[in-house]
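Asker: Below is one structure. I have some questions about it.
The values are calculated or read from the model by the stated rules, or taken from the named source; none is laboratory data. Model, not experiment: these values are computed from the prediction. Neighbour counts are summed over all protein chains in view; Cβ atoms, including those assigned to glycine, are modelled from backbone coordinates with ideal geometry. Areas reflect the complete protein model, heavy atoms only, side chains present, ligands, DNA and RNA absent. Shrake-Rupley method; radii C 1.70, N 1.55, O 1.52, S 1.80 Å.
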Amino acid sequence: MSEKAKKKKHKTEPQRVRRLRFFFPALAVMAFVLEMRLIVIQGTEHERFEKLSHRNHVNLLPTPAPRGEIYDRNHQLLAYDEPIYSLVYTRGFSSIHPELLHELAIKIGMSPVSLRRNMNGINDARLQVFIANRISAQALAFVAEHQRQLPGIQIIPDSVRQYPQNEVACHLLGYIHAIPQSRLEQYTQAGFPENAMVGWSGVEKSYNDSLRGSPGKIAVEIDSKGFPIRRLAESRPSRKGKPLILTIDSQYQREVQAILAKQVMRLNGYGHKKVSHAMAVAINPQNGEILALANYPTYDPSWMAHGMSDWEYQSRFLPAEQNWATQMPIAPGSVMKPLTALFAFHQRSLTPYYAEYCDGSYTLPKTDGTAIHCWSHHGYLTLPMALAESCDVFFYKLSMRYGHWPPKSVKQIPRWLLMDRLQTLNELRAFQKHFGLGNNVIRDLPDTENGFVNMHSGQVTDLPYTAIGQNEVFTTMELANYAVTLANRGVRIEPHVVKWIGNQKMSIHRYQDKLLSLPKEDWDAVMSGLYMACNDPKGTAYYTFHSGKRVTYEPAGKTGTAETGIDGFDNAVFIGFAPYSHPQIAIAVAVPGGGHGADSTGPIARAMFDRFFERSAGNHNSRVEYKMLRVFDGRTGL
C-alpha cells in the first residue's frame, strides 16, 4: 500500500466511527418505541383488536322493522308494509365471476356497469352496501341457487309501504321516504339500516316513533371466503311498529275529496280559471275527532315509497304535496263576524237588542272623509240579521265602539293609532286564540302553520277591516276549530286525528274558557244569526240549503268572501255546524280565488252535510228530524 493510500484510509475511518456512534443509539431508541407499542397493543388495546378480528369473521346485517298499519275508524286499512327482500353486498371477499355478475345484474334489473360500480364503492368507505331492493322471486331464486358463487352477497328481509286506498286521506297519512341526510347518523346509531324509510309528512311523520318499530340484526359467522357458516345467538328479529287507528271514516273522506275536485272543475268551467286549490275540514264537536280533512289536488303516497319519474314528481306530486288545510293561512272574510260580535259582548260594547243602520257605506269620523263600503244597502239591522245578511257596515261601526274611535280631540289621534289601536288588536287577537285561531290547534299533524292578525299597517281602518275578516289570515283547520267552539257555545275541544296507538286510546282535551262564558242571551243572539244565515230567506246561505232537495237536518253557519288584492281572485269561505240544536258535525271550507262564499263554498258545505247525515242514517237506521226553530231575531224578541 502506498503512503498516500494509508493516509486516506486513516482519514476516513474516524468519519465511519462517528456515524456508527449516532446510528446505534437511534436504533436503540426505535427498538424501545416498538417494544412499548407492542406492550400497549397487547395490553390496553387488546380488547379493541380482538373485536376488530371478531368483526372480520362475523357479518352483521341490520334488518328493517315493518311499520305499523294505519286504519280508519271502521278498521279499513289505509297503510301497511308488504314483505319484500333486498340484496346486500359485504365488501372485502373474493371477486365474483364476471359472467355470473352480469347475469345477476339482469335478474335485479340493473346494468352490469351500475352493479359493479355500486359494489366497488368508489369514494364510499362503507363495509356493506344495499345493491337492490324489492327483488323479484326469480332474482331471489337465482341468488339462493348460486350463493357459494356469490361471496359477500346476502338476502335480507325488507318491506315496502303500501297505501291500498291510493289518494284517500293522503294529506293526513303523509308519506315515507329515505332517511334525511341530517338524521342519518342518528338512525344508524339506533340500529336502522341506511336504506330505512321514515315518515316525512302527515301521521307517518308525527307518529314515526310509534309506527317504525325496532330494527333487528342478523349475525352470521363467515369463513375467509365470505361464505356463511352459522347464524349466531346475538341475532335478533325486528319488532313491528304499533298500529294507528284514525278518527276518519275513509269512505266519507273519499267523498269529501271528490266533492272538492268536482267543485274546482266546475269553477274552472264557469270563469274562475285561476282556482287550483280547495280545502275542507270536518270535526265532531262533541269530542274533537276529525271526520275528514281534505285538499284538492291530491297525490298517492305510494309514489314516494315506490319511486316516480322526474315528470311525475314535478307535474303531479309537487303541486299536491302541501297540506293547504293546515299549512296555508288565507283571509277568511265575513266568517269572522260572529267572533267580532262575541268580542264586542265581552268588551261590553254590544247588547243583544242593539241595532245599526246601513246605507251601503260608512264614513269614518274625524278623518278626511274616508269611507268604507258594504256590499249592499241593508237599512236597520239587529245583530242576528246583520250576521244572516252579512252586513259590513254593522260590524265596521261595532269595531269603532269597542276600539273607542274617535278620540275626544284631533290631538289624541296619534296616540290612538300608536296605543289604543294596538291594544284593541292585541285584545282581539288574544280573544281569537280561545277559539283555536292563531295557535297550533292540532297535535297530530306536523309542520302546521298559525294564522295571525296584521298589527303593523297603523291605519284607522285596521279595526273595521279586522272585524270583517280582511286584516287577518287563518288556516282551514283553525277555522274548523273555530266552528267547533261556536257550536259548543265557547267550549273548545282540541281536534285530533289519531284515535288509538296500539292499545292506548288517545285522550280528549276540552277547554272551558271563562273568557267565553258570556250570558246566554249574548250567545243566543249570535247563534240565531248563524241559524238565520242558512234558513232565513234573507240569509246569504239560504239558497244553498233550501233549493233543490230538502235538507233533513238543521244547518247553521256563515259565508265569507275575502278580497286578496288580486282582481277577480277573492277567497270563498264557509264555516258551519249541524244540527243546530245538538251539533254532530262542524266544518270549514275554503276555496282560494273562488269568489263569493255562498256560490263557491256553499255547494261544498251542503254536499258535506248531506253525505254525513246520509251515512249517519245508513249507519244508525235513523234520520234527524228537520224542523224550523223559533229563533231570536231581534224583530220578535223570540
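Asker: Output the relative contact order of the stretch 427-544, whole-number percent, from Cα pairs under 8 angstrom with separation of 6+ residues. Spell out each step's value before the answer.
Answerer: Working: 125 pairs, mean separation 25.2, N = 118.
Taking the mean separation of contacting Cα pairs over the length of the stretch 427-544, I get 21 percent.
Asker: Hey, which aspartates and glutamates would be in cross-link range of residue 505, C-alpha to C-alpha under 13 Å, not counting anything within fewer than 8 residues on its own chain?
Answerer: Filter leaves 289.
Asker: Quick one: Kirkwood hydrodynamic radius for the stretch 411-564, alpha-carbon pairs, angstrom, one decimal? It would help to have the intermediate numbers written out before the result.
Answerer: On the way: mean 1/r = 0.0554 Å⁻¹.
In the stretch 411-564 this quantity evaluates to 18.0 Å.
Asker: On the accessible surface of the stretch 359-462, probed at 1.4 Å, how many percent belong to carbon and sulfur atoms? All intermediate terms of the calculation are to be shown ahead of the outcome.
Answerer: Working: 2500 of 4760 Å².
Accessible surface attributable to carbon and sulfur in the stretch 359-462 totals 52 percent.
Asker: Sort 427, 255 from largest to smallest accessible area, using a 1.4 Å probe on the heavy atoms of the protein chains.
Answerer: On the way: 427 70, 255 45 Å².
Ranking 427, 255 by accessible area, largest first, yields 427, 255.
Asker: Shifting gears a bit: Which order do 107, 520, 558 take by accessible area at a 1.4 Å probe, largest first?
Answerer: Greatest to least solvent exposure: 520, 107, 558.
Asker: Looking at the stretch 194-320, what % of the alpha carbon pairs are farther apart than 19 Å?
Answerer: The answer is 69 percent, as a whole percent.
Asker: Divide the volume of the convex hull of the Cα atoms of the stretch 347-398 by its number of residues and quote the answer in cubic angstrom per residue.
Answerer: Details: hull volume 3.9 nm³, N = 52.
Cα convex hull per residue, to the nearest whole number: 75 Å³.
Asker: Taking a threshold of 32 Å on the Cα-Cα distance, which of the pairs 262/538; 337/408; 205/273 fall above it?
Answerer: 205/273
Asker: Moving to a separate point now. Hey, what's the Cα Rg ratio for the stretch 161-219 versus the globular rule of thumb, 2.2 N^0.38 Å? Intermediate values should be presented prior to the final figure.
Answerer: Values: Rg = 12.5 Å, N = 59, 2.2 N^0.38 = 10.4 Å.
Ratio of Rg to 2.2 N^0.38 Å for the stretch 161-219: 1.21.
Asker: I would also like to ask the following. From the Cα trace of the stretch 387-429, what convex hull volume per residue do you get, rounded to a whole Å³?
Answerer: Spelled out: Cα convex hull of the stretch 387-429, divided by residues, is 72 Å³.
Asker: Arranged from highest to lowest average of other beta-carbon atoms within 10 Å per residue, in what order do the peptides 237-246, 563-572 appear?
Answerer: Top to bottom by mean Cβ count within 10 Å: 237-246, 563-572.
Asker: If the stretch 418-481 were replaced by its equivalent ellipsoid, with semi-axes equal to the square roots of 5 times the Cα gyration tensor eigenvalues, what would those be, largest first, whole Å?
Answerer: The three semi-axes for the stretch 418-481 are 24, 11, 10 Å.
Asker: Taking the Cβ of residue 603 as the centre, find all other residues whose Cβ is under 13 Å away and add up their charges (Lys, Arg: +1; Asp, Glu: -1).
Answerer: Computed value for this residue: +3.
Asker: Write down the accessible area per residue of the stretch 471-586 in Å², having rolled a 1.4 Å probe over the full set of protein chains.
Answerer: Result: 37 Å² of accessible area for each residue.
Asker: Right, next: Output the peptides 270-277, 344-351, 313-320 sorted from most to least packed, where packing is the average of other Cβ atoms within 10 Å over each peptide's residues.
Answerer: The peptides rank, most packed first, as 344-351, 270-277, 313-320.
Asker: If you don't mind, there's one more thing I want to ask. Hull surface divided by four, with the convex hull built on the Cα atoms of the stretch 514-560: how many nm²?
Answerer: 4.2
Asker: So what's the stretch 293-439 giving for Cα Rg divided by 2.2 N^0.38 Å, two decimals? All intermediate terms of the calculation are to be shown ahead of the outcome.
Answerer: Details: Rg = 21.9 Å, N = 147, 2.2 N^0.38 = 14.7 Å.
With N residues counted in the stretch 293-439, Rg over 2.2 N^0.38 Å equals 1.50.
Asker: Semi-axes of the equivalent ellipsoid of the stretch 92-217: what are they in whole Å, largest first, if each equals the square root of 5 times a C-alpha gyration tensor eigenvalue?
Answerer: Taking √(5λ) for each Cα gyration eigenvalue gives 32, 18, 13 Å.
Asker: How big is the Kirkwood radius of the stretch 478-523, worked out from every pair of different alpha carbons and given in Å to one decimal?
Answerer: 12.1
Asker: Distance between the C-alpha centers of the stretch 497-565 and the stretch 406-482? Whole Å please.
Answerer: Taking the Cα centre of each part, the stretch 497-565 and the stretch 406-482 sit 21 Å apart.
Asker: Largest first, please: the extent of the C-alpha atoms of the stretch 507-612 along each principal axis, to the nearest Å.
Answerer: Principal extents (Cα only, largest first): 42, 35, 33 Å.
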